[in-house]
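Participant: I have a structure here, written as C-alpha cells, and I will follow up with some questions on it.
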Amino acid sequence: MTGTYRILSRVHVNQWDDQLQTAVPGWQVLALWLSTGTVLPVFVADSHYDATNLDTLIRAAGAKDDQIHALGG
C-alpha cells in the first residue's frame, strides 16, 4: 500500500538503548502520516535498517496515531 505517508527526513544518529546500556547507531526518520497530518519520529538501528523494516515501523506508528485521532485527540 502506498500513499499513506511521506518521509520528510533521515538523519544518522546514536540513540541510547536502556536494555543494552549503550548507544546504538541508526537512522532517525521523520515521516508525515497523511491521514492525520502528524509527523511521526521513528528510529531504526543500522542492523535493522532496510525498506521493509522502516515501512513496518512507520505504519505501526501511523496506526496508533489513527487510533488516537479516532478518539478525538
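Participant: Would you mind getting me the FRET efficiency between residue 19 and residue 49? Use the beta-carbon distance for r and R0 = 22 Å, nearest 0.05.
Facilitator: 0.75
Participant: When the dipole is taken about the Cα centre of the chain, and only Lys, Arg (+1) and Asp, Glu (-1) are charged at their Cβ, what size is it in debye, to the nearest 20?
Facilitator: In debye, rounded to 20, the chain gives about 240.
Participant: When Lys and Arg each count +1 and Asp and Glu each count -1, what net charge do the other residues less than 10 Å away from residue 35, Cβ to Cβ, add up to?
Facilitator: Result for the neighbourhood of residue 35: -2.
Participant: Arrange the following residues from fewest to most other Cβ atoms within 10 Å of their Cβ: 11, 24, 44, 39.
Facilitator: On the way: 11 9, 24 16, 44 19, 39 13.
Ordered from fewest to most neighbouring Cβ atoms within 10 Å, 11, 24, 44, 39 come out as 11, 39, 24, 44.
Participant: Using only Cα atoms, tell me the angle between helix 51-70 and the longest principal axis of the chain; keep it within 0 to 90° and round to the nearest 10.
Facilitator: 40
Each value in this text was obtained by applying a stated rule to the coordinates, not by laboratory testing. Just so we're clear, the structure is a prediction, and the values are computed from it rather than from any experiment. Don't worry about glycine lacking a Cβ; one is built from the backbone with ideal geometry, like all the others, and counts go over all protein chains shown.
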